[in-house]
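In what follows, a structure is listed as structure tokens, so that the remarks can point back to it.
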Amino acid sequence: MSVTVFVPRDAAALAVGADNVAAAIASEAEARKLDVTIIRNGSRGLLWLEVLVEVRTGNGRMAYGPVRAGDVPSLFDAGFLVGGEHVLAHGPTREIPFLKNQTRLTFSRCGVTDPLSLADYRHYQGLKGLEKALRLAPSDIVKAVTESGLRGRGGAGFPTGIKWKTVADARAEQKYIVCNADEGDSGTFADRMIMEGDPFVLIEGMVIAGIAVGATKGYVYTRSEYPHAIETMRQAIDIAREAGILGPSVLGSAYAFDMEVREGAGAYVCGEETALLNSLEGRRGVVRAKPPLPALEGLFGKPTVVNNVMSLATIPVIMDRGAAFYRDYGVGKSHGTIPIQIAGNVRYGGLYETAFGLTLGEIVNGIGGGTLSGRPVKAVQVGGPLGAYFPPSLFDTVFDYEAFAESGGLIGHAGIVVFDDRVDMLKQARFAMEFCAVESCGKCTPCRIGSTRGVETVDRIARGIEPEQNKALLADLCNTMKFGSLCALGGFTPYPVISAMTHFPDDFRPAPSLKLRSNRHVSH
């Protein structure tokens, strides 16, 4: 009887030797004349345990990790194929606290199934949402998404149902669904995990969106730095097309929908929806002025739904389990679950899907386990390189859109990067301005010029040149960028800068030995 062993094919696992581990298991099994079937699954998101090897036993799946190729012989010696004890053993995978305490809706299959097995996908409740959607009128699908309270998971938090209704009500001979998978924020990897670990759920979500708004064509726009995700998505699309999930008749219905993957050239600004649309059209990735909104004049001038991977991958859950089921999770106006990505100097880094409502402190210290270095946490950046820095004094902030906005921050794509007490926040503020200067598309002056002047101003503060005047100038510059920029790149860059200045003022006081005297005046 064959024993099934799971070794992740996720990029995070590959980076620490998953292919070598799989090869070592196959080689050892052959040498010992044991019948072992290896399935390359996605990642569970317990990244500090990668490579996380699982074995299917009569008592469920047993976990071992982090496994390296050199550990494989000792695993066989310990009888890991029947769940034997080993220094790397964690018992039943589902009982590992980091995983057990999650509310996995969007990620329910990620790390569980063979990503390219449609049979696996169906076995674990896949396509039920699409099948139910096909029995509804398109307007009822839009109504369900609206009533679920789902908001865009890409950063803006805009209600998904409202966007869909705008496109559905627009009159045009062609409409599009565009999936923004250009995951460029530091400390984020949820989109990649879905595309590599459960690609059919994204396909299903896009098909449902197409039926709901009357679109027949979809595009997944992702970054060239994601070669494994691109390859997996393309293979999954081919499989879905062969199975009749995509094509001229979706599951034998009167609806047509097809899709393809397009890869960008690495511009961060193409995470902004209008720059993304320009790139998709073969143009330079430059932000468009609004109006017109993409929902009315988007890709090739046609009505277009632009949603993030997490938003679209959550649609099958809503259609299968119902709007009320999904809406009941969360707090305030933040409904459902959010895949929090914990990274940086943290003990337990990985993806943690849970309902909105935990505090930042519970996430960083309770789930993340504090810093990996063992030193005190000094700052936590939430929402990517343009997110605000939160000090421990704000760890009681509830993880939801409104609470973070009130505290001068943003959830963004829910990436959290932890820093210990050795971080220099003035350098972090400089990095934010430099990042914006490098990544700016150049269309608007506040972003293009403001970010460059911002770097120069931070440098003057660091050198002790008229520090108070330059801090006032930096604050004024941030205000201009926040309210004068065309898009979130320039508009959000002030968040990390102002939060660093506000919460960590000591880091903006140059050391006396470095202080320089200058009679030069700094003008606006």
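The values are calculated or read from the model by the stated rules, or taken from the named source; none is laboratory data. As the structure is a computational prediction, the values presented were derived from the model and not from experiment. As a convention, Cβ positions derive from the backbone with ideal geometry for all residues, glycine included, and neighbour counts pool all protein chains shown. The accessibility values were calculated without ligands, DNA or RNA, using every heavy atom of the protein model including side chains. Shrake-Rupley method; radii C 1.70, N 1.55, O 1.52, S 1.80 Å.
Structural remarks
- Qualifying positions in the range 418-465 - under 18 Å from residue 504 (Cβ atoms), of a type in the set (A, V, I, L, M, F, W, C) and open to solvent by 50 Å² or more (accessible area, probe 1.4 Å): 431
- Matching residues in the range 279-305 - criterion: being in contact with a strand residue (DSSP E or B) (Cβ under 6 Å, 6 or more places away or on another chain) and closer than 20 Å to residue 444 by Cβ: 294
- Matching residues in the range 13-22 - criterion: being under 21 Å from residue 189 (Cα atoms) and open to solvent by less than 30 Å² (accessible area, probe 1.4 Å): 13, 17, 18
- Those strands (runs of 3 or more DSSP E) lying entirely in the range 330-394 with at least 3 residues under 26 Å from residue 497 (Cβ atoms): 337-344, 377-382
- Those strands (runs of 3 or more DSSP E) of the range 1-83 in which at least 2 residues are touching a Phe, Trp or Tyr at 6+ places or on another chain (Cβ under 6 Å), of a type outside the set (Lys, Arg) and under 19 Å from residue 110 (Cα atoms), considering only elements entirely within it, cover 53-57.
- Residues that are open to solvent by 40 Å² or more (accessible area, probe 1.4 Å) and either modelled with pLDDT under 95 or in a loop (DSSP other than H, G, I, E, B) (or both) were ranked within the range 237-255; the one that is nearest to residue 119 (Cα to Cα) is 243.
- Residue match in the range 280-299 (condition: within 21 Å of residue 206 (Cβ to Cβ), surrounded by fewer than 20 Cβ atoms within 10 Å (Cβ to Cβ) and without any contact (Cβ under 8 Å) to a residue 40 or more places away in the chain): yes
- From 44, 32, residue being surrounded by fewer than 16 Cβ atoms within 10 Å (Cβ to Cβ), farther than 12 Å from residue 3 by Cα and charged (D, E, K, R): 32
- In the range 484-499, residue most open to solvent (accessible area, probe 1.4 Å) [restricted to those that are closer than 21 Å to residue 154 by Cα and not in a loop (DSSP other than H, G, I, E, B)]: 492
- Among the residues of the range 50-64, the one identified as of a type in the set (A, V, I, L, M) and open to solvent by 10 Å² or more (accessible area, probe 1.4 Å) is 62.
- Within the range 258-270, the set of residues being touching a residue at least 60 places away in the same chain (Cβ under 8 Å) and either assigned to a strand (DSSP E or B) or under 29 Å from residue 138 (Cβ atoms) (or both) comprises just one member, 259.
- Filtered by the rule that a residue be closer than 17 Å to residue 43 by Cα and open to solvent by less than 20 Å² (accessible area, probe 1.4 Å), the range 77-95 gives a lone residue, 93.
- Residues located in the range 86-126, provided they are hydrophobic (A, V, I, L, M, F, W, C) and outside any loop (DSSP other than H, G, I, E, B): 89, 98, 99, 118, 119
- In the range 96-140, the residues that are open to solvent by 40 Å² or more (accessible area, probe 1.4 Å), out of contact with any helix residue (DSSP H, G or I) (no Cβ under 9 Å at 6 or more places or on another chain) and hydroxyl-bearing (Ser, Thr, Tyr): 124
- Qualifying residue in the range 220-236 (condition: among the aromatic types (Phe, Trp, Tyr), open to solvent by less than 20 Å² (accessible area, probe 1.4 Å), closer than 24 Å to residue 131 by Cβ and at pLDDT 95 or above): no
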